[in-house]
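These notes are about the structure you will find just below.
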Amino acid sequence: MTDAAARPEPDETATIASELIRFDTSNFGDGKSNGETEAAQYVAAKLEALGLAPQSFDAEPGRTSVVARVPGRDSSKPALVVHGHLDVVPADPAQWSVDPFGGEIRDGLLWGRGAVDMKNMDAMILTALGDVLAGGGQPERDLVIAFFADEENGGIYGSHFLVREHPELFAGATEAISEVGGYSIDVEGRRAYLLQTGEKALIWARLVATAPAAHGSRLVRDNAVTKLAKAVAAIGQLEWPVQLTDTTQELIGELGRMLGTDPEQVGPDEIVLRTGSAAGFILATLRTTTNPTVLSAGYKANVIPERAEARIDIRPLPGQEDDILAALHEVVGDEVELQITHRDIGLEHPFTGPLVDAMTASLGAHDPGVPVLPYLMPGGTDNKALSLLGITGYGFAPLRLPAELDFPGMFHGIDERVPVDALAFGRAVLADLLKTY
Ligand SMILES: [Zn+2]
């Protein structure tokens, strides 16, 4: 008998997440998107059903974000922003075992684009809030509930738009919680939770090489494709040194203790490689990464094009952006132009303080004795935009996951899926946090 058969009525969180997955909110980047409006109307209706008065904002037609304020018991405490994004990265159905926009619940798992990033947490926010408000209840402090558009392209038409045009929505808020933290990992048979206390910076750059166009049969030494290829290969082969920040230093120390290994004797990479599927995330937080991602040039085999372009995804450690760009300019040299198309800051917050204690306590109440570790996220979230308003954002979308599930690998991956039980767990942990913090 499958889990699904044993539990014909999944937690409401799974139902809501499934319904959200069925809105194809694919964000293709560069302003191209299917839009978030229908999903935004859906979450706005859910918030209204809870007695709230959500406001919707369109940065551009179709690019809708939703924000609602929830009054807390203690209005002297600063407000907490609880946010999720409504867009997803595109999915190629041919590569998936299920319809990526079907929202299928099978064998105790919810499948689909957004099941991991991050319609799961969007649904957890809604059901946890429902639990908090049930029977006339209130959260401890004021909440700003936000569902943003366009996170997957840097938040230009979502969080950055609202922070710039409507900062009053976040008045009185000093802290935030959102995605990519709070989930469990398996460290050689022992469960631990990763709480996200920082994010690397991000810079998306374009490399451009130009040269005279010519017939493909000529003797040509000044060739745009050749110049670009050389620069791309040089960047792609860079080995950035391991540099520990406060967060990764603490993480490595804690992992060393769990593993009974002295980090002074064993390198950080070796320790991180023992965290199973989480290593894929954590290894990238020990250094800068610079990955070529897009190549384009030419249109016919016998025409030398006058222009060749590549895209590079640069993820510097927080605060190192300018140093890394200077180094990259050296690497590509004078013959290739390096243009920045988008950049955003890195963040690093202490793994201490009342909010960290409250998140740790809420996890501990539902999974006693399991260690909670700080980590730096290699990607970016809408916390970057909120930081411009002085809001300290953490990644806390709590999920207790089976050891064998490669959860980090499913962000933007194929066959995104999350256990229905984990969603119910996250709902309960979040509700506890909002009631008590
Ligand atoms: Zn996300």
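The values are calculated or read from the model by the stated rules, or taken from the named source; none is laboratory data. Note that the coordinates shown come from a computational prediction; the quantities given were computed from them, not determined experimentally. Here the Cβ is made from the backbone with ideal geometry for all residues, glycine too, and neighbour counts use every protein chain on show. These area figures cover heavy atoms from the full protein model, side chains too; ligands, DNA and RNA do not enter into them. Shrake-Rupley method; radii C 1.70, N 1.55, O 1.52, S 1.80 Å.
Inspect all residues belonging to segment 48-60 and state whether any of them is of a type outside the set (D, E, K, R) and under 25 Å from V294 (Cβ atoms). So far as segment 48-60 goes, yes, one or more of its residues are of a type outside the set (D, E, K, R) and under 25 Å from V294 (Cβ atoms). Filtering segment 298-313 to residues that are assigned to a loop (DSSP other than H, G, I, E, B) and either surrounded by 15 or more Cβ atoms within 10 Å (Cβ to Cβ) or not basic (K, R) (or both) leaves G298, Y299, A301, N302, P305, E306. Looking only at residues of segment 355-376 that are touching a Gly at 6+ places or on another chain (Cβ under 8 Å) and open to solvent by 10 Å² or more (accessible area, probe 1.4 Å), we find that the one that is nearest to the ligand (Cβ to nearest atom) is V372. Quick check on my filter: what residues within segment 95-142 are in a helix (DSSP H, G or I) and more than 30 Å from L169 (Cα to Cα)? If the condition is that a residue be in a helix (DSSP H, G or I) and more than 30 Å from L169 (Cα to Cα), then Q95 is the only one that fits.
Within segment 158-216, the set of residues being outside any strand (DSSP E or B), away from the ligand (no atom under 16 Å from the Cβ) and surrounded by 20 or more Cβ atoms within 10 Å (Cβ to Cβ) comprises F161, L162, V163, F170, A201, A211. Taking the criterion of being within 30 Å of G137 (Cα to Cα) and either open to solvent by 80 Å² or more (accessible area, probe 1.4 Å) or among the small types (G, A, S) (or both), the residues of segment 47-62 that qualify are E48, A49, G51, A53, Q55, S56. Just so you know, in segment 221-243 the residues that are over 13 Å from V331 (Cβ atoms), open to solvent by 50 Å² or more (accessible area, probe 1.4 Å) and part of a loop (DSSP other than H, G, I, E, B) include one that is modelled with the lowest pLDDT, and it is R221.
The rows are residues; the columns are (1) within 22 Å of the chain's Cα centre (by Cα); (2) surrounded by fewer than 19 Cβ atoms within 10 Å (Cβ to Cβ); (3) farther than 19 Å from T381 by Cα.
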| position | (1), (2), (3) |
| --- | --- |
| T261 | no, yes, yes |
| A279 | yes, yes, yes |
| L286 | yes, no, no |
| S296 | no, yes, yes |
| R315 | yes, no, no |
| L328 | no, no, yes |
| E348 | yes, yes, no |
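Looking only at segment 68-94, which residues are assigned to a strand (DSSP E or B) and within 19 Å of E140 (Cα to Cα)? A68, R69, V70, A79, L80, V81, V82, H83 - these are the residues of segment 68-94 that are assigned to a strand (DSSP E or B) and within 19 Å of E140 (Cα to Cα).
Could you list, in sequence order, all residues of segment 152-173 that are out of contact with any strand residue (DSSP E or B) (no Cβ under 7 Å at 6 or more places or on another chain) and not acidic (D, E)? Passing the criteria: I156, Y157, H160, F161, V163, R164, P167, A171. Any residue at all in segment 38-54 that's in a helix (DSSP H, G or I) and acidic (D, E)? Within segment 38-54, one or more residues are in a helix (DSSP H, G or I) and acidic (D, E). Quick one: how many residues across segment 94-152 are within 16 Å of the ligand (Cβ to nearest atom) and of a type in the set (G, A, S)? Final tally of qualifying residues: 6. Of all residues in segment 350-375, those being in a helix (DSSP H, G or I), closer than 14 Å to F396 by Cα and not aliphatic (A, V, I, L, M) number 4.
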